[in-house]
Amino acid sequence: MKNSTSTRTNSNLRPLLIALALAITAAVTVTSAYAITINPTSYTLTFTENSSTSLTTMYTGPSSTVFSVTPNSPDNWTVNCSSFYNSLVLVPFVWDWTEPEEPNEFNEVSHGPLFGNGTNTIYVTSDESLDEYFGDFSTMLANNTPTPIQIGTDGGVPVFLVFNDLAQQSENGTGVPDTGSTLLLLGLSVAGLTVLNRSRGPRLA
């Protein structure tokens, strides 16, 4: 009888223990997700060059941090940053990315007193010639690659930078044929029509 009572008691407690375990697991999951949202490990700022006159930004940090792009000339932009209570703090930097379609050119993003006077101003230049490059080639990054070192912090969270050059893809997709190709196609068309007309010969009455 003693064993039967003990077994019955354990059976009654089992559903309660299972429910308690599920509740604890759910609480831990929610708490972990909340912690990740509130305390991210880093933010990423991505510059995407769509053409020689179009540069867009994407930021994974707080929406209160805003980046506005001002075109200066083809392949040259100034990016001004504003943040809530000046939470974004940039350190002086200069990073270079290889041009994906042109091995003799590179893209450069910089910030600091050596490049301009803006405290929160970033300078972007695309399609620069390697003949004018004075940096360390070993530190040049591949296109669409994040910087290995942070460019600043936003609310104490590190911010990393990415440059993605899509301009060549856009130009290839929407470009017009060059003059030489157009003339060649026109000449072939005329020649084809001439041969076709001669092959028909005179028509008999």
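Taken together, the values in this text are just the output of simple stated rules run on the coordinates, not laboratory data. As the structure is a computational prediction, the values presented were derived from the model and not from experiment.
Between ALA142 and THR70, what length in nm is gained on full extension when 0.36 nm per residue of separation is reduced by their alpha carbon distance?
Additional length available on full extension: 23.4 nm.
How much length would be gained if the chain were fully extended between LEU130 and SER87, taking 0.36 nm per residue of separation minus their Cα-Cα distance, in nm to one decimal?
Gain on stretching LEU130 to SER87: 11.9 nm.
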